[in-house]
Amino acid sequence: MSEERIQELKDNIVEASKQLMVEVLRRDANLHEKGELQLLGEDYEEIDYLWPRASHQLGIAWNFYDEWIYARDHNFMSPYNLRKDEWPEYARHIADHLIADTEITDQKLLVNFDYSQRSSCTGALKSLFRRGKK
């Protein structure tokens, strides 16, 4: 397979991943605001193992989504200084950046969900620890 074809396939995966994340973030923002919190993250297991973290934006989006589900599971008591009503707003903000293909620059999002700024094992250890707590 040619290098060009491989790159084309990678680009298609990233674009499909962005579309999926936008749909999930917007849907779950609506569910959250309707008070249907039990439905938040209903597709998590189906998309988690497929999720390519092929771009900086998608990494932040995925980390945000993962932590949103965690916050919901813990009555929105999370270390991120986000009020319960802020999660849907930030979800839409991230979705808008994904659609526009622009970098996420909101400092609150970057500080809390840009794991590339942390040591390489911090996010992985946190995720392993948290998953065992559900």
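Which percent of the accessible heavy-atom area of the stretch 1-120 goes to carbon and sulfur, probe 1.4 angstrom? Before the final figure, lay out the partial values.
Numbers: 3360 of 6770 Å².
C and S fraction of accessible area: 50 percent.
For the stretch 1-86, what is the convex hull volume of the alpha-carbon atoms per residue, in Å³? Mind showing how you got there, number by number?
Numbers: hull volume 8.0 nm³, N = 86.
Enclosed volume per residue, from the Cα hull, is 93 Å³.
So which trypsin sites (Lys or Arg not before Pro) in the stretch 1-101 pass both tests, a DSSP loop state and at most 16 other Cβ atoms within 10 Å of the Cβ?
Those satisfying the criteria are Lys34, Arg53, Arg83, Lys84.
At 1.4 Å probe radius, can you tell me the per residue accessible area of the stretch 1-123 in Å²?
56
In the stretch 1-84, which GluC sites (Glu not before Pro) fall in coil by DSSP and have 15 or fewer other Cβ atoms within 10 Å?
The qualifying sites are Glu36, Glu42.
The values are calculated or read from the model by the stated rules, or taken from the named source; none is laboratory data. Predicted model, so just to flag it, every value in this text is computed and none were measured. Reconstructed Cβ throughout: ideal geometry from the backbone, glycine too, with neighbour counts over all protein chains shown. Keep in mind that these areas ignore ligands, DNA and RNA; they rest on the heavy atoms of the full protein, side chains included. Shrake-Rupley method; radii C 1.70, N 1.55, O 1.52, S 1.80 Å.
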